[in-house]
Each structure stands twice: as C-alpha cells, then as structure tokens.
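A short worksheet on the structure shown next.
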Amino acid sequence: MRGWLTLTLGLLAVVIGAVWTVQGLGYVGGSGMTGERTWAVIGPIVVVVGLVVLWLGLRSRRRL
C-alpha cells in the first residue's frame with residue numbers, strides 16, 4: 001500500500017492543474033475562472049507539482 005496515497009494525490013493535482021489551465025485560457029466555459037489569466041498561470045504550476053509528487057510516489061513503490 002506504500003506510495004498509493006502520493007500517486008493518487010499526484011494524479012489528482014495533474015488533472016486539476018490541467019483543468020485550471022484550460023479554464024484560464026478560456027477553452028472551458030461555465031466558471032468564474034474562465035478566461036482569467038491567473039488560472040492559466042497557477043494551473044501549470046499545479047501540474048508540475050503533481051508530476052513531482054507522482055515521481056516520488058513511483059520511486060517509493062520501486063524500493064519495496
């Protein structure tokens with residue numbers, strides 16, 4: 001079970017960051033975040049953080 005939490009959180013961060021990015025760029029409507037440049041900047045940062053967390057989770061699973 002080791003590493004599953006970090007893998008799940010990392011994947012969730014990647015997905016949320018991607019959604020925030022496309023909303024910030026105006027490709028997805030229906031939200032107060034649509035077309036806001038702030039989310040187009042925050043989104044990719046969250047994606048990168050999620051990828052780092054995923055990498056750490058994969059690394060901890062390989063050590064078993």
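Here is how the numbers come out for the structure above:
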read-out: The chain - percent relative contact order, Cα under 8 Å, separation 6 or more; value: 44
read-out: Calculated from backbone phi, Karplus (6.51, -1.76, 1.60) coupling profile of segment 18-23 in Hz, x at Gly/Pro; value: 5, 5, 4, 5, 5, 5
read-out: Accessible surface of the chain, 1.4 Å probe, proportion on carbon and sulfur as whole %; value: 71
read-out: The chain shape via C-alpha gyration tensor axes, a/c threshold 1.5; value: prolate
read-out: Packing-based ranking, highest mean first, of 23-32, 42-51 given that Cβ atoms within 10 Å are counted; value: 42-51, 23-32
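The values are calculated or read from the model by the stated rules, or taken from the named source; none is laboratory data. Bear in mind the structure is a predicted one, so any value in this text is a computation, not a measurement. Glycine gets a Cβ as well: all are built from the backbone with ideal geometry, and neighbour counts include every protein chain shown. Accessible surface areas use protein heavy atoms only, side chains included; no ligands, DNA or RNA. Shrake-Rupley method; radii C 1.70, N 1.55, O 1.52, S 1.80 Å.
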